[in-house]
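Notes to accompany the following structure.
The values are calculated or read from the model by the stated rules, or taken from the named source; none is laboratory data. Everything numeric in this text was worked out from a predicted model, so none of it was measured. Virtual Cβ from ideal backbone geometry, glycine too; neighbours counted across all protein chains shown.
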Amino acid sequence: MAATYEPIATTTLGSAQSSVTFSAISGSFTDLVLIIDGSFTAGGGIDTQFNGDTGSNYSRTRIYGTGAGVVSNRSTNAGTISHGYISTSRSNTIINIFNYANTTTYKTSIGRGNAADARVQADVGLWRSTAAITSITLFGGTFTIGTTFTLYGIKAAV
Amino acid sequence: MATTYGAIATVTVGSGGAANIEFTSIPQTYTDLKLVYSLRNARNLDTDSISITINTVGVGTSLSLRGNGSIVVSFTETKLNAGRVVSATATANTFNSGEIYFPNYASNVNNKSYSSDTVTENNNTQAFQQLDAVLYPSTEPITNLTIFGDNGNLVEYSTATLYGIKNS
């Protein structure tokens, strides 16, 4: 049977690092899934940029709970999409990026942040570009040693 | 091409119900696990939750976000949350929908952090959507998973499938 869900690239940090980039992403899939499992030296969201675009072309809407309260907020004309949340304890964030290779529509994403000692969070993101996504850069803090990043591709048809 | 996303096992509850659904001897050949479930509880209370055990242990840190259509709350618990379950008072033939994602489940170095999303939509007066962030504080690889209602048995046709995902 042909595979419809395939690993594209994976990285496990051998030392603390402030950013990770997946580049030369093939356009042969329909959607992307990014799994980040690890910790930050200080808790925070994972800033995400596509194709090295540092312009004010990103927006996102978020809801999160801290155990004591619930917050929803938005960010527009931003320089990144802040997806999910990684804390100083083992935590994970899952980012789904939809129809990433098309050259007609702006690109949308959903992030789920899972830091049991800090936040449970969901984000929706928008990158106002019709360019196909060929690279993803993740930053926003210092990822600790042993943090893993895996990018999967999903095909709608084979 | 090798399978990178494969079904490990499916369990469906038979007539008479069951206290839980259990997956044992989980192979260590994948990178991540995804547990997908459709469950209904036998108890007449529509605010019942579901939980899991990992390697037969049910203690950890859960941080949850739950909405019921009118309000949203966030809370912490010391069990391994897996959302809410459709109860016996809900519309007939409705079951919850849920999935849990376990990254790096076979690691013997790191604690296990997982993500859980569930809904109990049943076209009745109340339904829940719940997101859980959970930390299971053990570096042991996950070899056994059990999912169960916190109160009452799972009814017939409740089902769960465990998938394995490889990163190479």
In segment B:74-85, residue farthest from the other protein chains (Cβ to nearest Cβ) [restricted to those that are within 17 Å of B:A127 (Cα to Cα) and within 13 Å of the chain's Cα centre (by Cα)]: B:V85
Please find, within segment A:126-151, the residue that is nearest to the other protein chains (Cβ to nearest Cβ) out of those that are assigned to a strand (DSSP E or B) and over 28 Å from B:T61 (Cα atoms). A:I136
What are the residues in segment A:126-141 that are surrounded by fewer than 16 Cβ atoms within 10 Å (Cβ to Cβ) and within 15 Å of the chain's Cα centre (by Cα), if any? A:S135
Within segment A:84-100, track down each residue that is within 14 Å of chain B (Cβ to nearest Cβ), not small (G, A, S) and not in a strand (DSSP E or B). A:T88, A:R90
Could you pull out the residue among B:N144, B:N123, B:N55, B:N93 that is touching a Phe, Trp or Tyr at 6+ places or on another chain (Cβ under 8 Å), away from chain A (no Cβ under 14 Å) and surrounded by fewer than 20 Cβ atoms within 10 Å (Cβ to Cβ)? B:N144
Can you find a residue that is more than 20 Å from A:I154 (Cβ to Cβ), touching a Lys or Arg at 6+ places or on another chain (Cβ under 7 Å) and in contact (Cβ under 8 Å) with a residue 12 or more places away in the chain anywhere in segment A:4-22? no
Return yes or no: is A:F50 in contact with a Lys or Arg (Cβ under 8 Å, 6 or more places away or on another chain) and more than 14 Å from every other protein chain (Cβ to nearest Cβ)? yes
Restricting segment A:101-125 to residues that are surrounded by fewer than 18 Cβ atoms within 10 Å (Cβ to Cβ) and part of a strand (DSSP E or B), the residue that is farthest from the other protein chains (Cβ to nearest Cβ): A:T108
Take residues that are at pLDDT 95 or above and among the polar types (S, T, N, Q) and tell me which of the strands (runs of 3 or more DSSP E) falling wholly in segment B:6-87 contain 2 or more. B:49-54, B:59-67, B:72-79
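Residues are listed down the side, and each one gets a yes or a no for (1) assigned to a loop (DSSP other than H, G, I, E, B); (2) at the interface with chain A (Cβ under 9 Å from one of its Cβ atoms); (3) touching a Phe, Trp or Tyr at 6+ places or on another chain (Cβ under 9 Å); (4) surrounded by fewer than 18 Cβ atoms within 10 Å (Cβ to Cβ):
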| position | (1), (2), (3), (4) |
| --- | --- |
| B:T89 | yes, no, no, yes |
| B:E99 | no, no, yes, yes |
| B:S138 | yes, no, no, yes |
| B:Y157 | yes, no, yes, yes |
Residue ID - surrounded by the fewest Cβ atoms within 10 Å (Cβ to Cβ), chosen from residues in segment A:58-70 that are more than 9 Å from chain B (Cβ to nearest Cβ) and out of contact with any Lys or Arg (no Cβ under 6 Å at 6 or more places or on another chain): A:S59
Within segment A:4-45, which residues are assigned to a strand (DSSP E or B), farther than 20 Å from A:I86 by Cα and of a type in the set (F, W, Y)? A:Y5
Checking the structure you have, find out if any residue of segment A:57-65 is in a loop (DSSP other than H, G, I, E, B), touching a residue at least 12 places away in the same chain (Cβ under 8 Å) and under 26 Å from A:A16 (Cβ atoms). no
Condition check for A:D31: away from chain B (no Cβ under 14 Å) and over 30 Å from B:S138 (Cβ atoms): no
How about segment B:20-46: which of its residues are surrounded by 13 or more Cβ atoms within 10 Å (Cβ to Cβ) and either touching a helix residue (DSSP H, G or I) at 6+ places or on another chain (Cβ under 9 Å) or closer than 12 Å to B:T146 by Cα (or both)? B:N20, B:I21, B:E22, B:F23, B:I26, B:L35, B:Y37
Taking A:T147, is it surrounded by fewer than 23 Cβ atoms within 10 Å (Cβ to Cβ) and either modelled with pLDDT of 95 or more or under 13 Å from the mean Cα position of the chain (by Cα) (or both)? no
